[in-house]
Amino acid sequence: MSKKFKGTGVAIVTPFHKHGTVDFTSLGKLIDHIINNGINYIVALGTTGETATLTEKEKIAVTDFIIETTDKRVPIVLGIGGNNTQKLIEQVKETNFDGIDAILSVAPYYNKPQQKGLYYHFKSIADVSPVPMIIYNVPGRTGVNISVETTLKLANEVECIIGIKEASGNLMQIMQIIKDKPKDFLVISGDDALTMPTICAGADGVISVVANAFPKEFSEMVQYALDGKMLKAKELHYKLFDFGNAIFEDGSPAGIKAALEVLDLCQNNLRLPLVKVNKQTLLNIHNKVKEITN
């Protein structure tokens, strides 16, 4: 099962019309764009999808549309995370997992639980999940770091948990996990800019934001790195490097949506509290897109 999620996953954006409703036409266009250009799986309802601003009906509609449009061409990972463990248990029990291959569950935010609380939070969700689960460590957003010890304890003791999306930015921590993890436990980069060096250290791939815009280049870079073809991987890494930095200057997914509009894949519309990137960042993104596409 874990082999399904090696390579390049894409945390797909949710396109919106100017008046704020979900733009399903553009979502379908984007799904075809990333699948036809070599990505390995799609992550639905992640942070990049502005899931926190979607209604429950919209979440179901977006998920169903992604399943239908993907049509089993690649696996789908569904974001199910939050800071109320019991509510998430109930959500998992009530979710229709037809067409869903795994869950991605972020560490609880705002509460700042102890490591023991993190362990039992993820274990409790995994215990009721009918599909494999990938935990997500992103302390810059959640305010809490899933420690190496907690990650390895979950990896060794909870069969349903098959990997971690690591976005701590701490390569020492990531390498310690890689060094001591069970053989089939996935370590997935959650930072586009650190993907190549993380794979060089032994990671299994990435869940990417950049690959919304440039799936071919990014997935090729990842595959080259996984295959040990580091000169080719390095060339693509640096080709995308400045673009990757530019789209995060004013936050995500504001930057990637600006790029997707330049590429005529969706409109640059967001829901509050997110707003569009500033003019200087927008100009920079435009320039970086042109550098890659020319």
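No value in this document is a laboratory result; all are computed from the given coordinates. A quick note: this is a predicted structure, and the numbers were derived from the prediction, not measured. Glycine gets a Cβ as well: all are built from the backbone with ideal geometry, and neighbour counts include every protein chain shown.
One table, with the values for the structure above:
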| item | result |
| --- | --- |
| For Val10, residues with placed amide H under 5 Å, excluding near neighbours | Tyr41, Ile42, Val43, Ser208 |
| Value of [θ]222 nm, deg cm²/dmol, for the chain, DSSP H segments ≥ 4, -39500 (n - 2.57) each, nearest 500 | -14000 deg cm²/dmol |
| GluC sites (Glu not before Pro) lying in DSSP loop within segment 143-180, provided at most 12 other Cβ fall within 10 Å | Glu159 |
| Dipole in debye (nearest 20) - segment 1-159, about Cα centre, beta carbon charges: Lys, Arg +1; Asp, Glu -1 | 420 |
| Of Lys72/Lys290; Lys116/Lys153; Lys229/Lys288; Lys4/Lys181, those spanning more than 21 Å from alpha-carbon to alpha-carbon | Lys72/Lys290; Lys229/Lys288 |
| Amide H contacts of Phe16 (H built 1.01 Å from N, under 5 Å, at least 5 apart or other chain) | Asp23, Gln267, Asn269 |
| Sparse-neighbour loop sites [trypsin sites (Lys or Arg not before Pro); segment 244-294; at most 14 other C-beta within 10 Å; DSSP] | Arg271 |
| Segment 72-146 and segment 234-281: distance between their alpha carbon centers, rounded to Å | 27 |
| From phi via Karplus (6.51, -1.76, 1.60), per-residue ³J(HN,Hα) for segment 32-38 in Hz, x at Gly/Pro | 5, 4, 6, 5, 5, 10, x |
| About the Cα centre, charge dipole magnitude for segment 232-294 (Lys/Arg +1, Asp/Glu -1 at Cβ), debye | 60 |
| Size of charge dipole - the chain - debye, nearest 20, with Cβ of Lys, Arg +1 and Asp, Glu -1, no other charges | 360 |
| For segment 40-142, with +1 on Lys and Arg beta carbons and -1 on Asp and Glu, the positive-most of Thr142, Gln91, Thr48 along the dipole | Thr142 |
| Dipole of segment 5-116 [Lys/Arg +1, Asp/Glu -1 at C-beta], most positive-end residue of Ile34, Ala102, Thr70 | Ala102 |
| Vicinal HN-Hα couplings computed from phi for segment 239-253 (Karplus, 6.51 cos²θ - 1.76 cosθ + 1.60; Hz; Gly/Pro x) | 5, 9, 4, 5, 4, x, 5, 5, 6, 9, 4, 10, x, 10, x |
| Hull volume in cubic angstrom per residue (convex hull over the Cα atoms of the chain) | 118 |
| Segment 70-75 - phi-based ³J(HN,Hα) in whole Hz, Karplus 6.51/-1.76/1.60, Gly and Pro as x | 5, 6, 6, 5, 9, x |
